[in-house]
Amino acid sequence: MKKWIVSVILLLTVGVLAACGSGSGNEKKITVGASAVPHAEILEHVKAKLKEQGVDMEIKVFDDYVLPNTALEEKQLDANYFQTVPYLDEFNKKHGTHIKALDGIHLEPMGLYPGKEKATEPKNGAVIAIPDDVSNGARALKLIESKGWIKLTPGKELNSLTKQDIVENPHNIKIQEMQASMLPRAVNEVDYAVINGNYAMEGGLTFDQALAMEKKDSEAAKTFANILAVKEGDENREEIKKLIQVLKSEDVKKFIDEKYKGAVISVF
């Protein structure tokens, strides 16, 4: 009898451990860093589907463009989802990090938003705030140029343009660089601001308020898709491949189209 009771207890214990994933070893856990909008929202949308494939994903939200990469470099994260290839290339070069770009998932069209000024033509000496990092700053300048407000050095690579490349400035526009995440809060302190899509949404700005937006077929769209990134050496991890698979699904494309209505565009 005692042997029978012991056997039953052992079987029950093994069953509980297996149910929790402690004994089977089949379920993998990953932590992914992301900007709140839209990246974390898209990850939340696929979380259950990823779980069905044996991967339990924790999403860690960041409110800037530096910490998600330093955390990934230090292996506090398994992947991150918030940035573009030009930004990542610049970050790796500047900080000596070893982060690898994987697949592009979506584009957040950058928008030119009115601040103190609402006019579609800037006054003389208008101040326009743009992101202070090279890649997003270049996008911002190109968008301002698309409005005909300035002209930039012709033939130069998009992700290398700076305000020193303004060769024609008939309105004497002053470019003010600041941290990208600060722009939605600062927009009413300047005449206009060029703001990344995720920060615009977080700041309550809407697509129809923008005076100009990057277009799906623009040079920026081809260059600045938002990517999933990992530490070098983790590119072929099965959990990461499964995450990319669920992110690049028709279900996610439909989710993006319906939820963001053009403020976010899938690129797969």
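Stretch residue 261-residue 179 to full length: gain in nm at 0.36 nm per residue minus the Cα-Cα span?
Extending this stretch completely gives an extra 26.9 nm.
Ranked by accessible surface with a 1.4 Å probe, highest first, in what order do 120, 206 come?
120, 206
Among 107, 127, 244, whose Cα sits farthest toward the positive end of the charge dipole of the chain (+1 at Cβ of Lys/Arg, -1 at Cβ of Asp/Glu, about the Cα centre)?
Checked the options; the winner is 244.
Nearest 10 degrees is fine. How inclined is helix 2-20 to the longest principal axis of the chain, computing both from alpha carbons?
Around 10 degrees separate the two axes.
Of 69, 211, 43, which is farthest towards the positive pole of the chain's charge dipole, taken about the Cα centre with +1 and -1 on the beta-carbons of Lys, Arg and Asp, Glu respectively?
Among 69, 211, 43, the one farthest towards the positive end of the dipole of the chain is 43.
Rounding to the nearest 20 debye, state how big the charge dipole of region 136-268 is about its Cα centre with +1 on each Lys and Arg Cβ and -1 on each Asp and Glu Cβ.
Magnitude of the dipole: close to 140 debye.
In Å², and per residue, what accessible area does the chain have when probed at 1.4 Å with the other protein chains present?
Per residue, the chain has 50 Å² of solvent-accessible surface.
Count charges around residue 158 for me, please; just the other residues with Cβ under 10 Å from its Cβ, Lys/Arg as +1, Asp/Glu as -1.
+2
Report, in degrees rounded to the nearest 10, the 0 to 90 angle that the Cα long axis of helix 134-146 makes with the longest principal axis of the chain.
Between the helix axis and the principal axis of the chain, the angle is about 50 degrees.
Past 21 Å, Cα to Cα, is the threshold; run 116/156; 28/51; 123/147; 100/241; 231/253; 116/147 against it and keep the listed order.
Among 116/156; 28/51; 123/147; 100/241; 231/253; 116/147, the Cα-Cα distance tops 21 Å for 116/156; 231/253.
How much solvent-accessible surface does residue 98 expose, in Å² to the nearest 10, with a 1.4 Å probe and all protein chains in place?
90
How large is the direction-averaged shadow of the alpha-carbon convex hull of the chain, in nm²?
If you wrap the Cα atoms of the chain in a convex hull and average its projections, you get 17.0 nm².
Taking the DSSP beta bridges in the chain as the whole, what percent of them are antiparallel, to the nearest 5?
Given both bridge residues lie in the chain, the antiparallel proportion sits at roughly 50 percent.
For region 38-112 and region 139-202, what is the centre-to-centre distance using only Cα atoms, to the nearest Å?
24
I'd like the carbon and sulfur percentage of the solvent accessible area for the chain, probe radius 1.4 Å, heavy atoms only, ligands and nucleic acids excluded.
Its accessible area is 52 percent carbon and sulfur atoms.
Between residue 207 and residue 116, what length in nm is gained on full extension when 0.36 nm per residue of separation is reduced by their alpha carbon distance?
30.9 nm
Students sometimes get this wrong: rank 31, 162 by accessible area, probe 1.4 Å, all chains present, largest first.
The residues order as 162, 31, largest area first.
Is there a quick way to get the dipole size of the chain? I mean about its Cα centre, with the Cβ of Lys and Arg at +1 and of Asp and Glu at -1; what is the value in debye to the nearest 20?
About 540 debye.
Does anyone have the angle between helix 250-260 and the longest principal axis of the chain? Alpha-carbon axes, 0 to 90°, nearest 10?
50
The values are calculated or read from the model by the stated rules, or taken from the named source; none is laboratory data. Quantities reported herein were computed from a predicted structural model and do not represent experimental measurements. FYI the Cβ positions are ideal-geometry reconstructions off the backbone, even for glycines, and counts take in every protein chain you see. Side chains included, ligands, DNA and RNA excluded: accessible areas come from the protein's heavy atoms. Shrake-Rupley method; radii C 1.70, N 1.55, O 1.52, S 1.80 Å.
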